[in-house]
Every structure is written in C-alpha cells, then in structure tokens.
Amino acid sequence: MISFVGAGPGNVDLITIKGRKLLEEADVVIYAGSLVSKDHLNFCKESCQFYNSASMTLEEVIEVIEESVKMDLRVVRLHTGDPTIYGAIREQMDMLDAKGIDYEVIPGVSSFTAACSSIKKEFTLPTVSQTVILTRMEGRTPVPEGEDLEDLARHKASMAIFLSVQDIDKVVEKLAKGYESYDIPVAVVYKATWEDEEIVRGTLQDIAEKIKNKGISKMAQILVGNFIDGDYERSKLYHPSFTHKFREGIQ
Ligand code: SAH
C-alpha cells in the first residue's frame with residue numbers, strides 16, 4: 001500500500017495522527033526534501049529507507065513505489081502542507097492507476113491556513129470577505145486564462161498566494177491594478193510554523209521593499225485582503241439576538 005501523506009507546513013507536530021502512524025510503520029519514505037522538515041523522518045523505523053524526491057524525476061519516484069509495492073513494503077510519499085494543493089500528486093496517482101497500484105491520500109495542514117494562524121487572523125469575516133482565493137502567479141508554470149492575479153484581485157476576496165514571493169514586484173503591481181488601490185493590507189509569512197518563521201506586515205505600497213530588505217525570496221505565503229486589518233461585523237452565529245436551534249434547545 002502506498003499513502004500520500006500531508007506533512008503539514010513545517011512544525012513536526014502539525015502532521016495528522018494518521019500521517020504520523022503511517023510514518024512510524026513505513027518501510028520506505030519518499031519525501032519532498034526541499035520543503036518537508038527532516039525531523040519527520042526521526043519517527044520512522046531504523047530499517048526504513050529514505051528517498052529525497054527533490055533530486056528524482058516523476059518516473060524515478062514511480063519506480064521506487066512500484067518496486068516497493070511488489071515486495072509488499074509500506075510506502076509513504078510525504079508531501080509538504082496538504083498534498084492536494086500544488087502537490088503534483090495527480091500525475092503520480094494517474095501513473096499508479098495505469099499500473100493498477102492502489103493508494104490513499106491523507107490530508108495535511110496547508111501552509112495557507114498555517115500562515116493565517118501565525119498572523120492570528122481569520123480569512124472569512126462577515127461583510128469583509130466570505131471567500132478565500134488560493135492561487136499563484138504564473139512563473140515557469142503558466143496559469144489558465146481568467147486566473148491572472150489582476151483578475152482575481154478584482155473580487156476583493158481574501159487571498160493566499162503561493163509560490164510567488166520571488167516575484168513580489170510583479171505580484172504587487174497586478175494586485176494593485178485589480179484592487180485599484182495600493183492601500184490594501186498584506187502579510188508575508190516566511191516558513192510558517194518553522195523555528196525561523198518570519199512575519200512581515202505592510203500594504204501593497206510598501207510590502208515589496210520590506211520583504212526585499214529581509215531577503216525573503218522563497219517559501220512564503222503572501223496573504224492579501226482587508227481581513228488582515230480594519231473593521232468587520234461580528235458573527236451572527238454567536239450573537240445573543242440570533243436564533244439558533246442548538247442554543248434554544250430545539251431538536
Ligand atoms: N502543498 C503545500 C504547497 C506546496 S507549493 C501546502 O499545502 O502548503 C510550495 C509553496 O507553498 C511555497 O512556495 C510557499 O508559497 C508555500 N509554503 C509551503 N510551506 C510554507 C510555509 N511553512 N510557510 C509559508 N509558505 C509555505
């Protein structure tokens with residue numbers, strides 16, 4: 001059996017209990033070495049074999065899985081954050097399907113929620129935004145038409161931008177065009193939940209300079225929107241005047 005496991009954003013205790021158990025029992029672990037904390041590997045058996053996928057092709061990863069499964073070994077494919085977001089797991093699953101190899105997917109804490117927790121905010125505030133846009137700017141990987149940052153920013157929804165901090169100038173320019181303002185709160189969270197986490201707060205006006213001064217050019221979430229700063233209406237759910245069937249004891 002092969003399990004795709006979300007390792008969480010960094011801190012080793014932010015993996016699910018299910019994920020940790022699978023690591024403890026694994027015979028083979030293939031981990032995304034550039035982003036997954038090596039500390040996770042300390043929970044594995046002494047006999048466990050490790051492969052760092054950072055230096056492997058998709059075909060090589062699949063070969064290791066195939067050979068291991070043939071020998072009835074338990075394999076964990078450890079991905080950073082949640083594997084279903086920019087995890088490139090679909091292409092792996094499709095190749096396993098083609099070979100008739102069974103697998104499961106164990107979710108994880110994504111870096112976008114970890115980053116929002118680090119700044120102690122909530123993405124979804126009544127009257128501010130009830131929508132979260134997870135996206136990235138096009139780089140070597142293009143984004144489909146209609147998903148340009150400028151177009152997405154027009155919604156004025158809360159945004160978590162992955163994989164883009166190295167192009168912060170372009171990110172800011174596109175967001176400001178979409179928002180039609182530079183006066184929009186931004187928080188950049190570098191290595192959320194790691195020991196060397198850094199939080200940089202600002203607006204579209206000054207965030208690029210601030211993060212360049214800090215030398216942040218990778219592994220950061222760019223959180224954007226009025227959920228970071230400013231007014232909101234309190235939640236109806238917990239308002240004393242809001243009729244709520246559980247609070248009123250109605251079955
Ligand atoms: N599957 C992962 C995302 C992988 S793509 C998840 O759910 O989080 C890699 C990008 O994720 C990085 O470029 C960065 O934008 C973001 N990222 C991953 N870990 C992070 C962390 N601890 N803090 C901030 N951003 C992180």
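The values are calculated or read from the model by the stated rules, or taken from the named source; none is laboratory data. Note that the coordinates shown come from a computational prediction; the quantities given were computed from them, not determined experimentally. When we count neighbours, we look across all protein chains shown, and the Cβ atoms used for this are built from the backbone with ideal geometry, even at glycine. In case anyone asks, the SASA skips ligands and DNA or RNA and just uses the protein heavy atoms, side chains included. Shrake-Rupley method; radii C 1.70, N 1.55, O 1.52, S 1.80 Å.
Give, as a single signed number, the net charge of other residues whose beta carbon lies under 13 Å from the beta carbon of Leu22, with Lys and Arg counted +1 and Asp and Glu -1.
Net charge around Leu22: +2.
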What's the percent breakdown of Cα-Cα distances in the chain across 5 Å bins, shortest bin first? 1, 6, 12, 15, 15, 13, 11, 10, 8, 5, 3, 1, 0
Rounded tilt (10° steps) of 168-179 against the dominant C-alpha axis of the chain: 50
Part-to-part distance (alpha-carbon centres) for segment 1-71 and segment 166-245, which is given in Å: 32
Computed over segment 32-161, protein heavy atoms only, probe 1.4 angstrom, the accessible area per residue in square angstrom equals 55
By the Cα gyration tensor axes a ≥ b ≥ c (a/c under 1.5 gives rounded; else a/b larger than b/c gives prolate, otherwise oblate), the shape of segment 178-218 is prolate
Over the chain, with every protein chain in place, what whole percent of the accessible area is carbon and sulfur at 1.4 Å, could you tell me? 49
Under the rule of at least 5 residues apart or a separate chain, name every residue whose amide H is placed under 5 Å from the amide H of Arg74. Asp27, Val28
Looking at the chain, which Cys residues are left with no other cysteine's beta carbon under 4.7 Å from theirs? Cys116
Which of the residue pairs Lys38/Lys120; Lys174/Lys218; Lys170/Lys214; Lys170/Lys210 have a Cα-Cα distance greater than 21 Å in the structure shown? Lys38/Lys120
Nearest 10 degrees is fine. How inclined is helix 90-99 to the longest principal axis of the chain, computing both from alpha carbons? 30
With each pseudo-label sitting 7 Å past Cα toward Cβ, what's the Lys18-Arg154 distance in nm, one decimal? 3.9
Which value, in Å² rounded to 10, gives the accessible area of Tyr103 with a 1.4 Å probe and all protein chains present? 50
At a Förster distance of 30 Å, what's the computed FRET efficiency of Asp183 paired with Lys236, Cβ-Cβ distance as r, to 0.05? 0.60
For segment 2-106, just run the numbers: alpha carbon Rg, then divide by 2.2 N^0.38 Å, N being how many residues it has. 0.96
C-alpha long axis of helix 58-70 to longest principal axis of the chain, angle in °: 50
Could you tell me whether segment 111-224 comes out rounded, prolate or oblate from its Cα gyration tensor? Rule is a ≥ b ≥ c as square roots of the eigenvalues, rounded for a/c under 1.5, then prolate if a/b exceeds b/c, otherwise oblate. rounded
Checked segment 129-171 against the a/c 1.5 cut and the a/b vs b/c comparison, axes a ≥ b ≥ c from its Cα gyration tensor; verdict prolate
If I model a spin label at Lys120 and Ala88 as a point 7 Å from the Cα along the Cα→Cβ vector, what separation in nanometres do I get? 3.8
